[in-house]
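The values are calculated or read from the model by the stated rules, or taken from the named source; none is laboratory data. Just so it is clear, the model here is predicted, and its values are computed rather than measured. Every residue, glycine as well, gets a Cβ built from its backbone with ideal geometry; the counts of neighbours run over all protein chains shown. Remember, those area values only see protein heavy atoms, side chains included, never the ligands or the DNA or RNA. Shrake-Rupley method; radii C 1.70, N 1.55, O 1.52, S 1.80 Å.
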Amino acid sequence: MLQIKDTLVSLDVIESYFECDLDSCLGECCVEGDAGAPLSRAESDLLNEQLPSLIPLMTPAAQEVAKSQGASYIDEEGDLVTSIVNGRDCIFTCYAPGGKCLCLLERLRREGHTEYFKPISCSLYPVRLKEIGGCTAVNYHRWKLCRCAEILGRKKGTRVYEFLREPLTRRFGAEWYGQLAEAAEAWLNQK
């Protein structure tokens, strides 16, 4: 692990290769798993505030869940997460031609309809954050669904931390990311 300010960064984040390959995986991370995406209280509040304008853009099944449950719920582990449809799809999942899963929130932002980002846990994936005694652990979460992203990352030479530059900077700041990149380069050069 490397310590950058008040974070502990797993060496897997620095050493491993990763670049999303949406053409291969079709966005399965939006529909697989046993719960929705982790949320902060502020993100949950913002999503619930925006929900009336988002509901008409959701799939019919997601509309029903959103109307009855809202944008989030507490999962079995006690974490606040996005609401899901039929124990699977995030309510913000939308579909593109060919069955590709996309995030409604990300699509609206890219199209200029909103300034809000999708939840930081989604933007940071495959990195997961965990609070441990006043520090934030920054860990790489390996998932068989993302094997194609590992292959593409290796082919292109893109490390996890490089692929996630924008969301890591958004979450921790430009100075933090600069320190991470410098430490990563030094670590990789000594190997």
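Points worth noting:
- Count of the stretch 29-42 residues which are more than 22 Å from Arg147 (Cα to Cα) and more than 13 Å from the chain's Cα centre (by Cα): 2
- The residue pairs whose first member lies in the stretch 133-160 and is touching a residue at least 60 places away in the same chain (Cβ under 8 Å) and farther than 19 Å from Leu188 by Cβ, whose second member is aliphatic (A, V, I, L, M) and open to solvent by 70 Å² or more (accessible area, probe 1.4 Å), and whose beta carbons are closer than 9 Å, counting only pairs six or more residues apart or on different chains, are Ala137/Met1.
- Residue check: Gln190 meets all listed conditions (1) closer than 16 Å to Phe18 by Cβ; (2) modelled with pLDDT under 95; (3) open to solvent by 70 Å² or more (accessible area, probe 1.4 Å) but one, namely (1).
- In the stretch 9-26, the qualifying residues are those that are β-branched (Val, Ile, Thr) and under 25 Å from Glu77 (Cβ atoms), and the one that is surrounded by the most Cβ atoms within 10 Å (Cβ to Cβ) is Val9.
- Subset of the stretch 139-191 [assigned to a loop (DSSP other than H, G, I, E, B), of a type in the set (Gly, Ala, Ser) and more than 20 Å from Leu2 (Cα to Cα)]: Gly157
- Tally, over the stretch 27-39, of residues that are open to solvent by 60 Å² or more (accessible area, probe 1.4 Å) and under 19 Å from Leu152 (Cα atoms): 1
- The single condition among (1) at pLDDT below 90; (2) surrounded by 19 or more Cβ atoms within 10 Å (Cβ to Cβ); (3) closer than 30 Å to Gln179 by Cβ; (4) of a type outside the set (A, V, I, L, M) that Asp79 does not meet is (2).
- Residue within the stretch 146-156 that is modelled with pLDDT of 95 or more, open to solvent by 80 Å² or more (accessible area, probe 1.4 Å), in contact with a helix residue (DSSP H, G or I) (Cβ under 8 Å, 6 or more places away or on another chain) and of a type in the set (Lys, Arg) present: no
- Matching entry among Tyr95, Tyr177 (being hydroxyl-bearing (Ser, Thr, Tyr) and over 16 Å from Glu32 (Cβ atoms)): Tyr177
- 1 or more residues in contact (Cβ under 8 Å) with a residue 24 or more places away in the chain and in contact with a Gly (Cβ under 8 Å, 6 or more places away or on another chain): qualifying helices (runs of 4 or more DSSP H) within the stretch 1-101: 41-54
- Residue match in the stretch 107-114 (condition: open to solvent by less than 70 Å² (accessible area, probe 1.4 Å), in a helix (DSSP H, G or I) and touching a Pro at 6+ places or on another chain (Cβ under 8 Å)): no
- Any hit, the stretch 112-122, residues being acidic (Asp, Glu) and at pLDDT below 90: yes
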